[in-house]
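What follows is a single structure, written as structure tokens, with notes after it.
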Amino acid sequence: MKMCRQGDVLIVQRKNEPAEVTTVSHDGDALVLAHGEVTGHKHAFYSAPEARLETSPKGRHLRLVVSRGLSHEEHSPIEIPAGLYDLPRQVEWNDDLEPRVVPD
């Protein structure tokens, strides 16, 4: 797998370790990759205590020790193989030619 998408979440495989990472806490039983600002839904891994979401100066990263299914209330689950991934945010340009993060 090089990359995959579930809705507005893009997951891109990376080869090297990101520098200066900070681990993001799980939300109860879920590791949430994106919250739906409009619907309240979320893209998340459930019952995956070993999965890690990390941030660095270069962005957000996902670390999976084992393959896991990524869930969302409005999309079919997708299986993500074990590995290290980047999670780039989808942006759009407004009339002022300024980027903004696309809400889910």
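Every number in this text was worked out from the coordinates using simple rules, so none of it is lab data. In this text the structure is predicted, and so the values were computed from the model without any measurement. Note: ideal-geometry Cβ built from the backbone for every residue, glycine included; neighbour counts use all protein chains shown.
Brief remarks on what is shown
- Spacing of the two label points (7 Å from each Cα toward its C-beta) at residue 12 and residue 92, in nm: 2.0 nm
- Rounded, prolate or oblate (a/c below 1.5 giving rounded, otherwise prolate when a/b exceeds b/c) for the chain by Cα gyration tensor: oblate
- 5 angstrom amide H check on residue 41, placed H, neighbours 5+ away: 36
- In loop segments of the stretch 10-104 as defined by DSSP, the trypsin sites (Lys or Arg not before Pro) with at most 15 further C-beta atoms inside 10 Å of their C-beta are 14, 15, 58, 89.
- Backbone N under 13 Å from the residue 23 label point (7 Å along Cα→Cβ), restricted to the stretch 48-82: 49-55, 63-65
- Radius 13 Å from Cβ of residue 25, net charge of other residues (Lys, Arg +1; Asp, Glu -1): -2
- Most mobile listed residue (49, 57, 88) in the chain, GNM with C-alpha springs under 10 Å: 57
- Under 12 Å, Cβ to Cβ, from residue 63 - net charge with Lys/Arg +1 and Asp/Glu -1: 0
- As a rough footprinting exposure proxy, the listed residues 38, 65, 32 were ranked by other beta carbons within 10 Å of their own, and the order from fewest upward is 38, 65, 32.
- Note on the stretch 3-101: with charges restricted to the Cβ of Lys and Arg (+1) and Asp and Glu (-1), its dipole about the Cα centre is near 440 debye.
- Karplus (6.51, -1.76, 1.60) ³J(HN,Hα), θ = phi - 60°, over the stretch 48-57, in Hz, Gly and Pro reported as x: 10, x, 7, 6, 10, 9, 10, 10, 8, x
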